[in-house]
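This report refers to the structure that appears directly beneath it.
The values are calculated or read from the model by the stated rules, or taken from the named source; none is laboratory data. A quick note: this is a predicted structure, and the numbers were derived from the prediction, not measured. Note: ideal-geometry Cβ built from the backbone for every residue, glycine included; neighbour counts use all protein chains shown. Calculation scope for accessible area: heavy atoms of the full protein, side chains included, ligands and nucleic acids excluded. Shrake-Rupley method; radii C 1.70, N 1.55, O 1.52, S 1.80 Å.
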Amino acid sequence: MNNSSIGVFDSGLGGLTAVKSIRERFPHENIIYFGDTGRLPYGTKTDETIKKYAASDIRFLLSHNVKLVIIACGTASSVALEDMQRQFDTQVVGVVEAACTAAVKACKNGRIGVIGTSTTIKSGSYLRGIADLNSHIEVYSKACPLFVPLVENGHFDSEVTRIITDEYIREIRDKDVDTLILGCTHYPLLAKTIGEYMGSGVTLINPSEELAKMLSGILGSDNLADSANAGRCEYYVSDDEKGFAELGGVFLQRKIDGQVRKIDIEKY
Ligand code: DGL
């Protein structure tokens, strides 16, 4: 048994979708969450900048002696994971592999769609991840940069979201994919709109959820928390702790339980 915390980071609020999935499946785990709200968005930045940010985010989490680092951010998982794994001794995992594994398993017609931030789609990370598992699957990708601001402004299921969904995803829908990876932390909050648009025959893959399902395998059963452990969650941000506390509940689908503290990430 190991009651050290699991460290989770994202560019902002979005990674709370991962915290939600982990807490549902592993209620005894302690979690340290860092949302880099002062430097977001990551999805439009260069690989070099994202690697620099990811390294400081991980140094902050390691200052809390976490037993595992989860890169909940689709963008940082896409461009920084391998560098971070080389740089740090503590185990670091991203969300891409788990999502690709689930998508390949769900796909029956040989066609998968992937949506994500501009940097994620440009990186080709999901394309490679799927090809590594099954090189016969056709992958259709699309960057959807307006989805993040829509979610952050509460447009989960509004007319404007439906119009933009049509604009972004029509091409992918027309390819008759039967599986769609929601390759950005914010997109699971648009699952209703996207799901209705794609139709009931299309399986939506939430990468955080898939990673949470694999967690005991990743950690190893000896490294899971004691079943008597209460499972606390501490939240840290690099800016606007009040805004995080207010909007965070939407991502967690429960009130943020505990104080949100602001830290100076430039020190790490
Ligand atoms: N967290 C980012 C991701 O999952 C989306 C928000 C951003 O661009 O920073 O790709």
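Report, by residue number, each residue of segment 39-58 that is assigned to a helix (DSSP H, G or I) and either within 14 Å of the ligand (Cβ to nearest atom) or at positive phi (or both). Let's see the steps before the verdict.
At the first step, the residues of segment 39-58 found to be assigned to a helix (DSSP H, G or I) are 47-58.
Of everything in segment 39-58, those that are assigned to a helix (DSSP H, G or I) and either within 14 Å of the ligand (Cβ to nearest atom) or at positive phi (or both) turn out to be ASP47, THR49, ILE50, TYR53, ALA54, ASP57.
Is it the case that SER141 is of a type in the set (Ser, Thr, Tyr) and assigned to a loop (DSSP other than H, G, I, E, B)?
Against the criterion (of a type in the set (Ser, Thr, Tyr) and assigned to a loop (DSSP other than H, G, I, E, B)), SER141 does not qualify.
Which of the strands (runs of 3 or more DSSP E) found entirely inside segment 145-256 contain at least 1 residues meeting this: hydroxyl-bearing (Ser, Thr, Tyr) and within 16 Å of the ligand (Cβ to nearest atom)?
So the answer is 233-237.
Can you spot a residue in segment 39-57 that is of a type in the set (S, T, N, Q), within 17 Å of the chain's Cα centre (by Cα) and open to solvent by less than 10 Å² (accessible area, probe 1.4 Å)? Lay out the reasoning, then the answer.
Kept after step one, since they are of a type in the set (S, T, N, Q), are these residues of segment 39-57: 44, 46, 49, 56.
Pick out the ones that are also within 17 Å of the chain's Cα centre (by Cα) and you get 44.
Filter once more, keeping what is open to solvent by less than 10 Å² (accessible area, probe 1.4 Å): none.
No, there is no match, as no residue in segment 39-57 is of a type in the set (S, T, N, Q), within 17 Å of the chain's Cα centre (by Cα) and open to solvent by less than 10 Å² (accessible area, probe 1.4 Å).
Looking only at segment 59-97, count every residue that is away from the ligand (no atom under 14 Å from the Cβ) and outside any loop (DSSP other than H, G, I, E, B) and tell me the total.
Selection size over segment 59-97: 15.
Applying the selection to segment 246-260, what residues are more than 13 Å from GLY154 (Cα to Cα) and open to solvent by 90 Å² or more (accessible area, probe 1.4 Å)?
Start the filter on segment 246-260 by keeping residues that are more than 13 Å from GLY154 (Cα to Cα), which leaves 252-260.
Across segment 246-260, the qualifying residues are GLN253, ARG254, LYS255, GLN259.
Tell me the residue from VAL92, VAL96, VAL139 that is touching a helix residue (DSSP H, G or I) at 6+ places or on another chain (Cβ under 9 Å) and either touching a residue at least 60 places away in the same chain (Cβ under 8 Å) or surrounded by fewer than 20 Cβ atoms within 10 Å (Cβ to Cβ) (or both), please.
One residue alone meets the criteria, VAL96.
Provide a single number: the residues in segment 110-124 that are more than 15 Å from the ligand (Cβ to nearest atom) and open to solvent by 10 Å² or more (accessible area, probe 1.4 Å).
2
What do you reckon, is ILE263 of a type outside the set (Asp, Glu) and either without any contact (Cβ under 8 Å) to a residue 12 or more places away in the chain or open to solvent by less than 20 Å² (accessible area, probe 1.4 Å) (or both)?
no
Looking only at residues that are under 19 Å from the mean Cα position of the chain (by Cα), surrounded by 10 or more Cβ atoms within 10 Å (Cβ to Cβ) and among the small types (Gly, Ala, Ser) in segment 215-239, which one is farthest from GLU97 (Cα to Cα)?
Filtering segment 215-239 for residues that are under 19 Å from the mean Cα position of the chain (by Cα), surrounded by 10 or more Cβ atoms within 10 Å (Cβ to Cβ) and among the small types (Gly, Ala, Ser), the one farthest from GLU97 (Cα to Cα) comes out as SER238.
Regarding ASP132, is this residue of a type outside the set (Gly, Ala, Ser), open to solvent by 40 Å² or more (accessible area, probe 1.4 Å) and either more than 23 Å from MET214 (Cα to Cα) or under 18 Å from the mean Cα position of the chain (by Cα) (or both)?
no
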